[in-house]
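The values are calculated or read from the model by the stated rules, or taken from the named source; none is laboratory data. Not measured: the values here are computed from a predicted model. So basically every Cβ, Gly included, is an ideal-geometry build from the backbone, and we count neighbours across all protein chains shown. Note: accessible area is taken over every heavy atom of the protein model, side chains too, but ligands, DNA and RNA are not part of it. Shrake-Rupley method; radii C 1.70, N 1.55, O 1.52, S 1.80 Å.
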Amino acid sequence: MNPYHLSSDQIFESVASSANGLSKKEASDRLAKNGPNALAQAPKPSLFARFMAQLKDPMVIVLIAAAAVSAVTSAYSGESFVDTIIILAVVLINAVLGVVQEGKAEAAIESLQQMSAAMCKVLRGGEVVMVKSEEIVVGDVILLEAGDAVPADGRIIEAASLQIEEAALTGESVPANKHADVLEGEGDVPLGDRKNMAYMGTSVVYGRARMVVTACGMDTQMGKIANVLNDAKDNKTPLQEKLAQLSRVLSFLVLGVSAFIFVFTLIRGGEFTLDSVLSAFMIAVSLAVAAIPEGLSAVVTVVLSIGVTNMSKNNAIIRKLTAVETLGCAQIICSDKTGTLTQNKMTVVDEFTSDSALLATAMALCSDANLDHTNVAVGEPTECALVNHAFKVGLPKHELQEKTPRVAEAPFDSMRKMMSTVHACDNGFIQYTKGGLDEVLSRCVKIYDNGQVRDITDEDRDAIIAKNKEFAARALRVLSAAYRTYDALPQDTSPEALEQELTYIGIVGMIDPVRPEVKAAIERCKDAGVRAIMITGDHRDTAIAIATELGIINSPEQAITGADLEEMTDEYLDAHIQDFGVYARVQPEHKTRIVSAWQKLGKITAMTGDGVNDAPSIKTANIGVGMGITGTDVTKDVADMVLADDNFATIVSAVGEGRRIYDNIRKAIQFLLASNASEVITIFMATLLGFVVLEPVHLLWINLITDTFPAIALGMEEAEPDVMNRPPRNPKEGIFAGGMGQAIIYQALAVSILTLGAYLIGHYMESGVWEFVTSEHGMTMAFITLSLTEIVHSFNMRSRTQSLFSIKKQNKVLWLAGLASFVLTIAVAFIPPFARAFSLAAISLKELAVAVGLALIMLPIVELEKFFSRREEK
């Protein structure tokens, strides 16, 4: 029988469970037997398929073509196939490295997904526990509230004003009203009409409920209509897209220049024999090999994956890689107050009422927090403060509930800023309403005054508002309570029907201490050219007090309310958005207006949010930030980044980390492109002068060993001291902005001159003649000098602007990469079997010393350029 036709007792019997849920052991056994509550993922590409994908890169195809040409040349001339073997070996190694790094990046992202995995509240053995959604089993009793994603299919057994958004399943854009009653009749009921069922993939937008799970994983409705759902999206960041485009451009450029060199060599030689054609081909191949930065894409992938892993260790969980780049451009951070700027550890410290017991009773009963077995409240922090306060004054909530059980309710929502519950009592029914003072007081017609109920007067209202202002000036969060009595349970329990003709009880003032690290974080924001904006549902005076303490504003005129926003036209807001630093008493839709107004000024804006109604503003923002502790599943699903600790300081740290990652990627790009450009210039000049300076195998070795590994190490460089003391980067700037293009050109020229100089000196030390002709000693010295110059230059690139000698911390990974590259290069040059394979001559120690000395010249060259650049900038 379909679960929607069964009563609560029947459904519990059918899934072998009870109203207290499953025991922990039974749940564990069912999970082990039936597997996780997850939809089937699309099969991952095989290892071979991933390997072949690495070979599809245009630059790799050029290398494979070069290997083919080399093989034909070797076969015709009768020479060994060493060049061909080494080129293919480099392609193979590069592909293997690509697969390994891709696997590491995937593992990092999967780890982050585990960290941000959806959690839900489950009854296990009668206790409410937080469980990962994938660990839900049939028979579990789930507690749902606004903002929760429904983790599995289930029969609703208790509901209060429940509305669920089911568009993913039914296509219906309007949330469906749900209830716990049995559906009459027999047979199938259309999915959209199953009003007592909740389904995986939908989300609660209003109210609360309990449901017992009837289907998990692929047995759910979502599983049936989506046999395979692959959530992993292979989205590239804008930088990766630019580099992919650069790769394609370079490939075509390489082919064009190589073709020119091929034709030029043939024409200059004046012969068109097969020997001359193959010889010209090999020169063109050398140029092609020199121009291709084989490690570029791998370096960027590695740096990004390491970066997001580091950020997760600091409580910033990146859900979309694009956020890493965007964080470095952030100019505005719009932050919630409660829990983000403050500790979200509410404590009642003051009250204004004529009956403390009645006020504490109303506040405790009109909340969803409850005392655990240690008599400490669990639930939403504000409500926990109210329940804990009631317990301290001798009113434990469970005893209050036994005397006056809840029979109806109008759940809290951010539009009304109120919540109401109806309770059975000895002489009928009593309703308690709690919420923001403005909203509650406006619905009160009477006041409870020292045991008497009388009409509320203007003097009463003035006194209450004055006390509220006093509390707010002390940075207290203020909540008010009222009540209403009934002889019979009201038929209409909608907010509109319940929340009127109330009797005012009093207000409480709660302190939510500012996070101690936030003030320093806001100072860091100012230094970094990032402006912090406070957005809160609290009273304006409370917001002003906290914002002033934190340094967000320095004048009350910089604070406005949601009501003020309502009166502003979009044109006025756009023109004056920079005048406001605090928004109080706002509705969720106001957040979207605020973000849009900043974006119209061209500002990159981050927005935090936790409630289900915050999702639109988080999606609108350039960087949507979800709260990992208090945030709803809906909000976290649309966020670019989730804060595991809900802390504003974590956002600021993430901005700094985003800047560091982008800086390091640019350093690696500059280093690699300067290296490859120097090789192209060297080969080009040697071809024009009529001699062979380096073979393809030499260039491949340099590109793979002395370029790629130091470039990866540069990606691990710590942030420069001024990373948070400079304005945000313009998101529209290109890869070569800030003089990087010119730097690549001059550095490439410098390396090329040193390499050609080493060749000339090597030939002179071998023959005693100064001339550019083919020379084994010249080639060997050019190979060593170019290799070591790249290693030296990698240290230059630890900072694009600051002197290497001003950097206090050492990059141990770079030292290791540089040392390993140096040892391997010397081994290739001096161990006979390797030297023969690489066509290198046995040079003297004097020649080696000259080659090393020339390589070291690269250090003062770049240091001088940095010095004059800094001087010019000042």
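Our coupling estimate for the stretch 652-661, obtained by passing each phi through the Karplus curve with A = 6.51, B = -1.76, C = 1.60 and θ = phi - 60°, is 5, 4, 5, 4, x, 5, x, 5, 4, 4 Hz, Gly and Pro reported as x.
With protein chains left intact and a 1.4 Å probe, residues in the stretch 274-370 average 28 Å² of accessible area per residue. When the P(r) of the stretch 799-874 is calculated, the portion above 14 Å amounts to 74% of the C-alpha pairs. If every alpha-carbon in the stretch 474-526 counts as one equal scatterer, what log10 I(q)/I(0) does Debye give at q = 0.20, 0.23, 0.29 1/Å? Debye output, listed in q order: -0.83, -0.95, -1.10. Restricting the calculation to alpha carbons of the stretch 705-802 gives Rg and Dmax of 18.1, 57 angstrom.
Each residue of the stretch 194-206 was assigned a 3J(HN,Hα) from its phi angle through the Karplus expression (A = 6.51, B = -1.76, C = 1.60, θ = phi - 60°), giving 7, 6, 10, 10, 10, 10, 3, x, 9, 9, 7, 10, 7 Hz with x at Gly and Pro.
Hydrodynamic analysis of the stretch 162-204 uses the Kirkwood radius over alpha carbon pairs. Inserted into Stokes-Einstein at 10 °C and 1.306 mPa s, it gives a translational diffusion coefficient of 147 µm²/s.
Note on the chain: Rg/Rh from Cα positions, Kirkwood definition for Rh, rounded to two decimals, is 1.10. The C-alpha atoms of the stretch 747-818 occupy a region whose extents along the principal axes are 46, 23, 15 Å, arranged from largest to smallest.
Note that the stretch 728-874 shows a convex hull volume over its alpha carbon atoms of 151 Å³ per residue.
Per the Kirkwood formula on distinct C-alpha pairs, the Rh of the stretch 670-761 is how many angstrom?
Answer for the stretch 670-761: a Kirkwood hydrodynamic radius of 15.3 Å.
Once the mean of 1/r is taken over each pair of separate Cα atoms and inverted, the stretch 416-540 shows a Kirkwood hydrodynamic radius of 16.8 Å. Once the Cα atoms are used to define both axes, helix 540-550 deviates from the longest principal axis of the chain by about 40 degrees.
Could you run the Debye sum over the Cα atoms of the stretch 329-403, one equal point scatterer each and no solvent, and tell me log10 of I(q)/I(0) at q = 0.21, 0.24 Å⁻¹, two decimals? Ignoring solvent entirely, the Cα scatterers give -0.89, -1.08. Under conditions of 37 °C and 0.692 mPa s, the stretch 365-447 yields 241 µm² s⁻¹ as its translational diffusion coefficient, taking Rh as the Kirkwood radius over Cα pairs in the Stokes-Einstein equation. Distances between placed amide hydrogens fall under 5 Å for Asn196 paired with His179, all partners being 5 or more residues away or on another chain. Quotient of the Cα radius of gyration of the stretch 670-713 and 2.2 N^0.38 Å, N being its number of residues: 1.23.
So how do 530-542, 576-588, 704-716 stack up, highest first, on mean other-Cβ count within 10 Å? Before the final figure, lay out the partial values.
Working: 530-542: 23.2, 576-588: 19.5, 704-716: 24.8.
Averaged packing, sorted descending, gives the order 704-716, 530-542, 576-588.
Taking all Cα-Cα distances within the stretch 580-637, those exceeding 17 Å account for 34%.
For the stretch 292-333, with all protein chains in place and a probe radius of 1.4 Å, 47% of the accessible heavy-atom surface sits on carbon or sulfur. Across all Cα atoms of the stretch 280-351, the radius of gyration (one decimal) and Dmax (whole number) stand at 23.7, 91 Å. Computed over the stretch 598-734, the range of Cα coordinates on each principal axis works out to 71, 31, 29 Å, biggest value leading. Between the amide H of Gly339 and those of Asn344, distances stay under 5 Å, these residues lying 5 or more places away or on another chain, with hydrogens modeled in the peptide plane.
Using the Cα coordinates of the stretch 551-591, the gyration tensor eigenvalues translate into equivalent-ellipsoid semi-axes of 17, 13, 8 Å, sorted from longest to shortest.
When the alpha carbon coordinates of the stretch 4-44 are projected onto the principal axes, the ranges are 43, 27, 13 Å, largest first.
Using just its DSSP H runs of length 4 or more, each adding -39500 (n - 2.57), the chain gives a mean residue ellipticity at 222 nm of -15500 deg cm²/dmol after division by all residues. Measuring nothing but alpha carbons in the stretch 319-470 and taking Rh as the Kirkwood radius, the Rg to Rh ratio lands at 1.07. Rolling a 1.4 Å probe across the protein heavy atoms gives the stretch 635-754 an accessible surface of 28 Å² per residue.
Principal semi-axes of the equivalent ellipsoid, √(5λ) from the alpha carbon gyration tensor of the stretch 522-571, are 21, 15, 8 Å from largest down. Per-residue 3J(HN,Hα) values for the stretch 83-92, derived from phi via the Karplus relation 6.51 cos²θ - 1.76 cosθ + 1.60 with θ = phi - 60°, read 4, 4, 4, 5, 4, 5, 5, 5, 4, 4 Hz in sequence order (x marks Gly and Pro). Annotation: amide H of Ala215 within the under-5 Å range of Asp153, sequence separation 5 or more or interchain, hydrogens built in the peptide plane.
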